[in-house]
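Trainee: First, the structure itself, so that you have it in front of you.
What follows is calculated from the coordinates using simple rules that are stated; it is not laboratory data. Everything numeric in this text was worked out from a predicted model, so none of it was measured. Note that we place each Cβ from the backbone using ideal geometry, even for glycine, and neighbour counts take in every protein chain shown.
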Amino acid sequence: MATERSLVDKLRVEPGTAADLSGRSAADRLGFGKKGENSDALDRLEERLDVLHDRLWAEARRSVVLVLQGLDASGKDGTIRRVLSGLNPQGCQVVNFKEPTTDALAHDYLWRVHVECPRRGILGVMNRSHYEDVVTAHALGLIDDKQRTRRYRHIREFERMLTDEGTTVVKVFLHISKEEQRARLQERIDDPRKNWKFRSSDLAARAKWDEFSDGYDRALAATSTKWAPWYVVPGDHKWVRDIAVASILVDTFERLDPQIPDPEPGLEGIVVEK
């Protein structure tokens with residue numbers, strides 16, 4: 001099995017290189033073998049993440065934002081539920097970016113994203129993000145090639161500003177195959193408990209599979225930077241996806257190395273009266 005650090009390195013889109021989504025297998029098990037052989041791997045990672053996250057919350061000097069992107073049914077909701085389930089809710093903030101509201105459209109496209117960035121001490125999670133305003137907007141014909149290229153620059157600079165001001169940006173693309181997406185969408189149609197997840201627009205977007213895939217290929221290559229790299233996580237096997245995302249977060253937090261603040265002076269020797 002690959003070490004945690006080498007696994008994270010494997011998933012990273014190095015700045016200035018192609019994302020090569022077509023060359024990455026969405027069913028890659030990343031050397032983990034069978035599911036049953038790694039039943040405790042996620043538990044160990046979540047325990048370590050809980051400790052590190054608690055330190056970030058206590059330190060309250062820096063923040064982390066996890067950006068989750070992917071095509072429909074790629075597993076964004078499931079990743080949040082499985083990977084972050086054991087963390088202190090007070091130190092987490094999850095925001096789901098859907099179609100822009102009238103108010104959002106009255107501002108620049110990054111306005112609604114910036115206002116949702118986590119404050120110091122918080123792990124923020126964006127279920128979809130400003131990348132919808134590049135990939136989806138272009139696929140739907142709302143912006144042209146020139147505008148798309150300009151937005152790449154905006155986003156690089158925006159994420160650089162966040163990083164400079166103490167927010168570590170972690171961007172994960174959940175990579176699923178077209179067949180796996182078909183199966184998951186069909187399950188949403190067939191299972192009454194999951195009907196609420198299905199929208200007819202999902203099929204319209206699926207019809208543009210090649211266009212969306214090309215859009216993400218371009219966006220990941222154009223915006224994976226030293227300060228805010230992209231990670232491509234194979235998503236066909238949910239358990240592999242969860243281990244990979246947890247590994248990326250643990251690696252990020254360990255690099256940050258948050259610390260519990262020093263106690264108030266004079267604390268030693270104090271006895272609380274009965």
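Trainee: Note down the net charge around Leu87, summing +1 for each Lys or Arg and -1 for each Asp or Glu among other residues with Cβ under 9 Å from its Cβ.
Mentor: -3
Trainee: Provide, as a two-decimal number, the C-alpha radius of gyration of segment 69-212 over 2.2 N^0.38 Å, N being how many residues it has.
Mentor: Cα Rg divided by the expected 2.2 N^0.38 Å: 1.13.
Trainee: If you filter segment 146-222 for trypsin sites (Lys or Arg not before Pro), then keep DSSP loop positions with at most 15 other Cβ within 10 Å, what is left?
Mentor: Passing sites in segment 146-222 are Arg199, Lys208.
Trainee: Here's another thing I want to ask about it. Could you work out Rg/(2.2 N^0.38 Å) for the chain, with Rg from alpha carbons only?
Mentor: Its radius of gyration relative to the 2.2 N^0.38 Å reference: 1.06.
Trainee: Over all directions, how big on average is the projection of the convex hull of the alpha-carbon atoms in segment 1-134, in square nanometres?
Mentor: 10.2
Trainee: Give the shape of segment 1-75 as rounded, prolate or oblate, defined through the alpha-carbon gyration tensor: a ≥ b ≥ c are the square roots of its eigenvalues, a/c under 1.5 means rounded, and otherwise the shape is prolate if a/b is larger than b/c and oblate if not.
Mentor: oblate
Trainee: For the pair Arg24/Arg255, report the inter-label distance in nm, with labels modelled 7 Å from Cα in the Cβ direction.
Mentor: In this crude spin-label approximation the distance works out to 1.5 nm.
Trainee: Counting only residues 5 or more places away or on other chains, whose amide H sits under 5 Å from the amide H of Ala19 once H atoms are built in the peptide plane?
Mentor: For Ala19, whose amide H was placed from the backbone, the distant partners under 5 Å are Ala221.
Trainee: Would you kindly derive the ³J(HN,Hα) couplings of segment 173-180 from the backbone phi angles with the Karplus curve 6.51 cos²θ - 1.76 cosθ + 1.60 (θ = phi - 60°), listing them in order in whole Hz, with x for Gly and Pro?
Mentor: My calculation for segment 173-180 gives 9, 7, 9, 10, 7, 5, 5, 5 Hz in order.
Trainee: Note the angle between two axes, namely the Cα long axis of helix 238-256 and the longest principal axis of the Cα atoms of the chain, as a number of degrees from 0 to 90, rounded to the nearest 10.
Mentor: It is inclined by approximately 50 degrees.
Trainee: Nearest 5 is fine: what % of DSSP beta bridges in the chain come out antiparallel, could you say?
Mentor: Looking only at bridges with both residues in the chain, the antiparallel portion is about 10 percent.
Trainee: How compact is segment 112-165 by the rule of thumb for globular proteins, expressed as Cα Rg over 2.2 N^0.38 Å?
Mentor: Ratio of Cα Rg to 2.2 N^0.38 Å: 1.27.
Trainee: What range in the chain is the longest one free of GluC sites (Glu not before Pro) that are in a loop by DSSP and have at most 11 other Cβ atoms within 10 angstrom?
Mentor: On the way: sites that count: Glu165, Glu268, Glu273.
Result for the longest clean stretch: 1-164.
Trainee: Given the alpha-carbon gyration tensor of segment 235-274, what are the semi-axes of its equivalent ellipsoid in whole angstrom, ordered largest first, with each equal to the square root of 5 times an eigenvalue?
Mentor: Output for segment 235-274: semi-axes of 42, 14, 4 Å.
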